[in-house]
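Enquirer: The structure is given below, and queries will be raised subsequently.
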Amino acid sequence: MIIPVTYLKQVGARKTAKVWMRGAADQRRLVDLYTVCLQLGDLTTQRLPVVGGSGESEVIVGRDVLNQLIVTLNGLASVAEVTL
């Protein structure tokens with residue numbers, strides 16, 4: 001999961017490590033790793049490691065979270081539905 005650093009600072013998250021991340025273009029880069037607690041409805045994850053991103057407002061959710069949810073995207077209605 002990648003969360004903008006501005007959001008991580010707002011919730012008081014602290015850096016826990018530096019790790020190498022490989023992107024879709026197969027390029028490696030050194031990134032800051034943070035540990036947070038994530039709550040989405042009834043789903044709560046404890047000590048979820050996340051990467052601090054430089055994007056302004058985009059959060060990228062990985063399989064570690066998505067595999068626990070049912071996500072339905074309805075583009076025609078401009079609706080996203082998330083169920084546990």
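The values are calculated or read from the model by the stated rules, or taken from the named source; none is laboratory data. Just so it is clear, the structure is predicted and the values come from calculations on it, not from any experiment. As a convention, Cβ positions derive from the backbone with ideal geometry for all residues, glycine included, and neighbour counts pool all protein chains shown. For accessibility, only protein heavy atoms count, side chains too; no ligands or nucleic acids. Shrake-Rupley method; radii C 1.70, N 1.55, O 1.52, S 1.80 Å.
Enquirer: Residue by residue through segment 14-24, which ³J(HN,Hα) values in whole Hz follow from phi under the Karplus form 6.51 cos²θ - 1.76 cosθ + 1.60 (θ = phi - 60°), with glycine and proline marked x?
Expert: Coupling constants for segment 14-24: 10, 5, 10, 5, 10, 9, 8, 10, 10, x, 5 Hz.
Enquirer: Search the structure for amide H atoms under 5 Å from the amide H of G55, placed 1.01 Å from N in the peptide plane, and list their residues when 5 or more places away or on another chain.
Expert: V5
Enquirer: While we're looking at this one, here's another question. List the relative contact order of the chain as a percent without decimals, with contacts defined as Cα pairs under 8 Å and 6+ residues apart.
Expert: 30 percent
Enquirer: Please turn the phi angles of segment 34-42 into ³J(HN,Hα) values with the Karplus equation 6.51 cos²θ - 1.76 cosθ + 1.60 (θ = phi - 60°), one per residue in order, whole Hz, x for glycine and proline.
Expert: 10, 10, 9, 9, 10, 10, 9, x, 7
Enquirer: Kindly provide the helix-only [θ] at 222 nm of the chain, computed as the sum of -39,500 (n - 2.57) over DSSP H runs of four or more divided by all residues, to the nearest 500 deg cm²/dmol?
Expert: Value at 222 nm, helices only, nearest 500: -2500 deg cm²/dmol.
Enquirer: How would E58, E81 line up by accessible area, probe 1.4 Å, largest first?
Expert: Of E58, E81, the descending order of accessible area is E58, E81.
Enquirer: Hey, any idea what % of the chain's accessible area is carbon plus sulfur with a 1.4 Å probe?
Expert: 52 percent
Enquirer: Can you tell me the FRET efficiency between W20 and I70 if r is taken as the Cβ-Cβ distance and R0 is 41 Å, rounded to the nearest 0.05?
Expert: 0.80
Enquirer: Moving to a separate point now. Considering only Q68, L43, G55, whose Cα is most displaced toward the positive end of the charge dipole of the chain, charges sitting on Cβ of Lys, Arg (+1) and Asp, Glu (-1)?
Expert: Comparing the listed Cα positions along the dipole, G55 ranks first.
Enquirer: Under a plain spin-label model, where a point goes 7 Å from the Cα along Cα-to-Cβ, how far apart in nm are V31 and T44?
Expert: Each label point is offset 7 Å from its Cα along the Cβ direction, giving 2.7 nm.
Enquirer: Hey, of [x] 3, 15, 28, 23, 15, 9, 5, 2, 0; [y] 3, 16, 30, 27, 16, 6, 2, 1, 0; [z] 3, 12, 20, 24, 18, 13, 7, 2, 0, which did the structure itself give for P(r) over Cα pairs in 5 Å bins from 0, in percent when calculated?
Expert: So the calculated entry is the one marked [z].
Enquirer: Using a 1.4 Å probe, what is the accessible area per residue for the chain, in Å²?
Expert: Values: 6410 Å² over 84 residues.
Spelled out: the 1.4 Å probe surface of the chain, per residue, equals 76 Å².
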